[in-house]
1. Does N227 count as within 27 Å of T279 (Cβ to Cβ) and of a type in the set (S, T, N, Q)?
2. Quick test for you: out of G291, G261, G311, pick the one residue that is surrounded by 15 or more Cβ atoms within 10 Å (Cβ to Cβ) and among the small types (G, A, S).
3. Going through V67, V124, V120 one at a time, which residue ends up being of a type in the set (A, V, I, L, M), surrounded by fewer than 21 Cβ atoms within 10 Å (Cβ to Cβ), within 30 Å of M175 (Cα to Cα) and touching a residue at least 24 places away in the same chain (Cβ under 8 Å)?
4. Can you say whether T32 is over 24 Å from L164 (Cβ atoms), in the same structural domain as R149 (by TED's automatic domain parsing), in contact with a His (Cβ under 6 Å, 6 or more places away or on another chain) and modelled with pLDDT of 95 or more, as far as the supplied structure shows?
5. Can you name the residue in the stretch 180-202 that is out of contact with any helix residue (DSSP H, G or I) (no Cβ under 8 Å at 6 or more places or on another chain) and charged (D, E, K, R) and, of all such residues, is farthest from I158 (Cα to Cα)?
6. Which residues, counting only those in the stretch 37-71, are farther than 18 Å from R102 by Cα and in a loop (DSSP other than H, G, I, E, B)?
7. Of the numbered conditions (1) under 25 Å from V75 (Cβ atoms); (2) within 13 Å of the chain's Cα centre (by Cα), R97 satisfies every one except a single condition; which is it?
Amino acid sequence: MTDAEPSAAVPARLRLARSSDRQALVDLLHATWRTTFAPHLPGTATTTFFERKIAEIYIARDWPEVVVAEMDGVVAGLAHLEDRLIATLHVAPALWRRGIGRQLLQHVEREAVARGHRAVVLQVEDFNARAIDLYRRNDYVEIARRPDREFGSDGRSITMAKLLDDGSAIDGPGMVRAWRPDDRAQCLALFDGNVPDYFAPKERADFIAFLDDLRGPYLVIEDATGNVVACGGFQADDRNEGVVVLCWGMVDRRHHRAGLGRRLLQARLDLIAASDLFTTVTVETTPFSRGFFERAGFVCTQVVSDGFAPGYDRVDMQRPIGAVR
């Protein structure tokens, strides 16, 4: 369960929770439930939350691992990192818009890095627009939306993840980030630069349609001058639960064999693995790129002659989701 607020520049004091904080933490969870969750959920969910003392049991069990945000001696927020999952992030409703949520978020991200993780993941309900906006502004990408099974609503639970280590220390300068609409022209230029060896000219229309209707995360690598030098994404396979498909990966032809493809692939695999939603990753590629994916652990399942276009065979490949920290 996560909640947050738009960021501001007022710092809070962050510390580990104390036993004496336990009632204040429970009160904070009750307040955020009433403000954020109860208005959007069936009444039975609120009844269950309070009658079964879900907040009280959670705090009694996990308070030693909770990080507290304190302002003027008052518990203003809390966060809890379980492995690479941000299990809880809440801010007292009376103290929204003071930057506390962003402080807590950055703190647990640093803690995840210290534990050796390359990505973090969280879940947020689709009605929690305030929290979703905060996460998006802090570079979280949406991995998937699934029917809400926790609260019994007709809403959707959104899984979001953030890349913490993009491999730049190994593969050189540049930044992996989420695709933005103003990247469209540069991504199309990358496509054009890889025609005709890696893409058939007729596939350009398909790529444009893909960018205009993204159904999963799409990432770019931006160089030090702000130019997009690689792009690629992934999305859930609607036909096969547990399967995720790599989509439209490409590197500026001038930077082939410079490690950018490996870095982009690893970034996508890290985000996929962090979500814990999938067991298998697949890709449809060409004979030119088959060796690249084989070196990354993919195996060929079939080759379809002229699968992309006349003269462009399609190589179907897959690999299990490995243990990624």
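1. No; evaluated as a whole, the condition is false for this residue.
2. Of the residues listed, the single one that is surrounded by 15 or more Cβ atoms within 10 Å (Cβ to Cβ) and among the small types (G, A, S) is G261.
3. None of the other options fit; the residue is V67.
4. Working: over 24 Å from L164 (Cβ atoms): yes; in the same structural domain as R149 (by TED's automatic domain parsing): yes; in contact with a His (Cβ under 6 Å, 6 or more places away or on another chain): yes; modelled with pLDDT of 95 or more: yes.
Taking the combined requirement at face value, the residue satisfies it.
5. Across the stretch 180-202, the extreme among qualifying residues is K202.
6. Taking the stretch 37-71 as the starting set, the residues that turn out to be farther than 18 Å from R102 by Cα are 37-65.
Matches in the stretch 37-71: L41, P42, R52, K53.
7. Of the numbered conditions (1) under 25 Å from V75 (Cβ atoms); (2) within 13 Å of the chain's Cα centre (by Cα), the odd one out for R97 is (2).
Conditions (1) in a helix (DSSP H, G or I); (2) closer than 20 Å to M175 by Cβ; (3) over 20 Å from the mean Cα position of the chain (by Cα), marked per residue:
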| position | (1), (2), (3) |
| --- | --- |
| V244 | no, no, no |
| G249 | no, yes, no |
| D270 | yes, yes, no |
| A273 | yes, no, no |
| L277 | no, no, no |
| E284 | no, no, yes |
| E294 | yes, no, yes |
| C300 | no, no, yes |
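The values are calculated or read from the model by the stated rules, or taken from the named source; none is laboratory data. The model shown is predicted, which means the values in this text are computed figures rather than measured ones. Here the Cβ is made from the backbone with ideal geometry for all residues, glycine too, and neighbour counts use every protein chain on show.
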